[in-house]
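Presented below is the structure to which this report refers.
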Amino acid sequence: MRRLVAIALLCLLSAPIASAAIDSEEGGGELWFSCNDVDDCSLTEFHTGDESISGTVNSATPFSPETIFIELPMTPVQSEIALIPDEIDELQVDLRYQDDVIGLSRPDVQVTVIIAQSTTVIDLEGDNNPTDGISGPHFIENEPINHGGERLLWPDEPIRILLQFDVDRPGTWQLNLRGASYMFLDIIWSEDVESRNIDEPSSDSSPRNTELETNHYGALVEDDRDCWAFEVASHEILRITFVWEVVPSEIEQSHGQPDLILPDRRLAPSPELETQIVNEETRMTWQWRALPTGDYNLCIGGRLNAFQPYQWAGLIAFESLGPTSPEEFDYSSWEWEGLGMKGEETGAEELNAASGVMVLILSLAILVGLFIEIREETTSKPIRFGIFIPGVLILILGGVISPLWVIGGEVQSSDESSLDELIDTRLDQLWHASHPGTPASSRAMHVGATFGMLDGEVLSVRLEADSAWPLDDGRWQLHIPQIYELDFEQLIFAKVAQKSDFQSTDDMLDPHSRSFILLAARTLILDILMLEALLIVDEIPESNVIHFKTEMTESRSLGLIQDPAWGTRPIDIPDGRWRLMQDNLYPSLISITMLDGAKDDLDFRIQLSGEIDHNLLYTSTAVTPASSLLESQYLWVIAGITLTVLGITMENRRRRRAKEILNRLVSDNMWGN
């Protein structure tokens with residue numbers, strides 16, 4: 001008996017646990033169809049239950065079909081917050097029907113996927129009249145989920161699949177399980193709320209006692225109030241730094257100013273704020289001066305339907321001990337470092353505007369002279385039509401039409417933007433995307449699009465290069481001096497002044513403006529970096545005017561969950577090549593620090609992981625330098641002038657000979673008389 005009990009326990013311990021609460025771990029989004037009976041089915045993390053379930057239909061007819069329902073709830077219920085993707089990676093349903101009329105077939109199936117409050121209905125077409133045997137299982141991939149922008153699955157919210165199919169003849173249906181039927185979701189983020197909320201219990205009335213300069217870890221869950229009590233000794237500067245982990249923007253806390261309660265129970269005056277974004281973390285340092293010593297309380301408050309882990313620590317210091325005030329930080333003017341330039345300045349070729357105007361003026365002057373010349377009557381048709389007129393036509397083509405083509409090609413067209421206009425439009429877009437009321441999915445879509453161009457939109461911009469830098473493989477990268485003249489800080493703060501109607505009484509920016517400034521700085525850096533890397537040509541251009549025009553198409557994005565980058569690409573660049581460019585260009589460090597107070601300032605630090613292989617840069621057809629209508633335009637002009645001058649010379653020589661002959665004839669006649 002003991003041996004049987006031991007064997008039973010061993011089997012229980014070795015069997016996989018039937019858990020289906022989805023998470024971002026490896027395989028955490030795999031939901032397998034598992035059933036013990038027709039009325040006992042569920043979605044599980046592991047293969048459990050029977051190999052298949054089946055049922056017999058006896059009374060179905062084409063006039064009175066029978067409908068079968070199978071419900072599969074996720075078991076056990078969700079225990080973490082998880083970010084639901086926009087698409088179902090894979091969905092497979094292995095359903096078969098056996099009858100005496102057709103034999104083995106595969107009926108149409110309606111699959112209803114319920115995730116929290118969202119419902120997605122998918123119609124899978126069957127194989128009701130197989131001729132050479134039934135095809136494979138019902139299978140789809142990359143099917144959009146109708147989540148309506150609500151991408152978060154909270155603890156205890158359900159995931160459920162409903163299968164519905166009709167049969168119109170007697171027979172037996174069978175649903176194959178244990179790996180044959182499943183749904184896969186790519187869960188890119190999840191978090192266990194309870195395991196992160198280690199700072200509880202605390203509240204305004206019961207703060208947790210602690211030491212100011214200790215590292216504190218916790219999470220702000222919904223509209224909780226997290227509070228601490230500590231003693232502040234003699235000091236000149238009091239700094240408290242909060243580091244907020246990255247979470248989906250749907251549940252990101254507001255990062256508002258903490259409440260610092262003085263020993264006399266009054267609220268401390270407004271502090272200075274320094275905000276730093278380093279890759280995926282937001283670091284906010286609040287700084288007070290000349291506060292009294294004594295016992296303090298510090299509280300932070302959250303908002304409903306929000307969750308974000310954090311850590312914080314305090315510091316007291318004296319002015320003489322180092323850079324503890326904003327005035328002592330180095331917020332020097334930052335210039336673009338050419339992060340996207342992978343060519344070498346050594347060996348660069350200078351580019352200038354095509355000299356269309358000079359050629360046009362010269363050619364018109366010559367044509368005016370020729371017009372005066374041809375006013376004199378000529379009787380030599382071979383010279384006129386064989387030499388002179390062809391020369392005039394060649395001169396018009398090479399000296400007038402081609403330069404006009406060049407001049408027209410260098411002018412900004414009505415459907416393209418200058419770089420300044422493109423950036424201004426991008427900043428407008430980011431201002432709206434960063435608004436607290438913008439849905440997270442909409443924010444991610446617009447922020448993540450390269451230069452804000454969504455799938456199907458056309459990116460068209462006119463640029464002026466001053467030189468072409470050689471690449472190792474013989475191609476050239478265009479150097480745009482206007483990029484190096486961009487003042488990111490001035491552009492961003494000017495947009496805040498233009499858009500924001502917030503009236504501050506303490507020199508502090510409103511949360512929307514702070515969010516926009518940090519988002520805009522990071523996004524512009526990534527956009528300009530990619531634009532530079534795309535300016536690759538096979539040959540040195542004839543003109544320094546560059547037109548970049550391409551339709552953009554959707555692609556994989558890179559970077560943060562809520563604020564991705566480079567999610568659209570030029571349509572002529574293959575997706576695989578685009579991903580290689582993304583992986584090699586994306587900086588290993590993007591640090592943006594904002595000082596918010598009496599003086600608003602930005603500081604940038606960007607590092608790339610290493611040198612990019614030039615072979616990974618792509619020559620896009622979107623890069624179109626302005627060019628003349630004809631190659632070797634000067635040769636055409638010279639040829640036209642040569643022919644016309646030759647025609648005029650031959651005609652003048654012919655006329656001179658004719659006059660000499662006429663003079664001899666007149667002279668002979670006079671002497672003969």
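The values are calculated or read from the model by the stated rules, or taken from the named source; none is laboratory data. Please read all numbers here as calculations on a predicted model, not as lab measurements. Every residue, glycine among them, receives a Cβ derived from its backbone with ideal geometry; neighbour counts consider all protein chains shown.
Points worth noting:
- Flag for Ser34 being part of a strand (DSSP E or B), among the hydroxyl-bearing types (Ser, Thr, Tyr), crowded, with 20+ Cβ neighbours inside 10 Å and assigned by TED's automatic domain parsing to the domain that holds Gly171: yes
- Filter result for Gly294 (assigned by TED's automatic domain parsing to the domain that holds Gly256, surrounded by fewer than 17 Cβ atoms within 10 Å (Cβ to Cβ), at pLDDT below 90 and not β-branched (Val, Ile, Thr)): no
- Within the range 193-216, residues that are farther than 30 Å from Ile22 by Cβ sit with their Cβ atoms under 7 Å from residues that are at pLDDT 90 or above and in a loop (DSSP other than H, G, I, E, B), at 6+ positions apart or across chains, in these pairs: His216/Thr210.
- Against the test of being part of a helix (DSSP H, G or I) and modelled with pLDDT under 90, the options Ile423, Ile407 yield a single qualifying residue, Ile407.
- Any hit, the range 445-452, residues being in a helix (DSSP H, G or I) and on the phi > 0 side of the Ramachandran plot: yes
- Scoring Trp228 on the criteria (1) under 30 Å from Pro439 (Cβ atoms); (2) touching a strand residue (DSSP E or B) at 6+ places or on another chain (Cβ under 6 Å); (3) crowded, with 19+ Cβ neighbours inside 10 Å leaves a single failure, condition (1).
- Of the residues making up the range 583-592, those that are within 15 Å of the chain's Cα centre (by Cα) and crowded, with 21+ Cβ neighbours inside 10 Å number 1.
- If you go through the range 155-171 and keep only what is acidic (Asp, Glu) and outside any strand (DSSP E or B), you end up with Asp156, Glu157, Asp168.
- Considering each residue of the range 53-74 in turn, none proves to be at pLDDT 90 or above, part of a loop (DSSP other than H, G, I, E, B) and not β-branched (Val, Ile, Thr).
- Condition check for Pro271: at pLDDT 90 or above and either within 18 Å of Asn297 (Cβ to Cβ) or surrounded by 19 or more Cβ atoms within 10 Å (Cβ to Cβ) (or both): no
- All of Ser254, Ser234 fail the test of being among the polar types (S, T, N, Q) and touching a Ser or Thr at 6+ places or on another chain (Cβ under 6 Å), apart from Ser234.
- Among the candidates Thr523, Thr553, residue that is surrounded by 22 or more Cβ atoms within 10 Å (Cβ to Cβ) and among the hydroxyl-bearing types (Ser, Thr, Tyr): Thr523
- Matching residues in the range 172-194 - criterion: being of a type in the set (Gly, Ala, Ser), assigned to a loop (DSSP other than H, G, I, E, B) and surrounded by 15 or more Cβ atoms within 10 Å (Cβ to Cβ): Ala180, Ser181
- Criterion: acidic (Asp, Glu) and within 36 Å of the chain's Cα centre (by Cα) - qualifying residue of Glu51, Glu45: Glu45
- Verdict on Ser79 being assigned to a strand (DSSP E or B) and not hydrophobic (A, V, I, L, M, F, W, C): no
- Search result, residues across the range 290-309 that are under 22 Å from Gln253 (Cβ atoms) and of a type in the set (S, T, N, Q): Asn297, Asn305, Gln308
- Thr214 being under 12 Å from Gly314 (Cα atoms), surrounded by fewer than 16 Cβ atoms within 10 Å (Cβ to Cβ), touching a strand residue (DSSP E or B) at 6+ places or on another chain (Cβ under 8 Å) and not assigned by TED's automatic domain parsing to the domain that holds Gly559: yes
- Of all residues in the range 238-259, those being at pLDDT below 90, charged (D, E, K, R) and closer than 21 Å to Pro207 by Cα number 0.
- Spans of strands (runs of 3 or more DSSP E) in the range 462-570 with at least 2 residues over 16 Å from the mean Cα position of the chain (by Cα): 467-470, 476-479, 545-554
- Taking the criterion of being crowded, with 22+ Cβ neighbours inside 10 Å and either at pLDDT below 90 or farther than 16 Å from Asn615 by Cβ (or both), the residues of the range 464-478 that qualify are Ala465, Ala468, Leu478.
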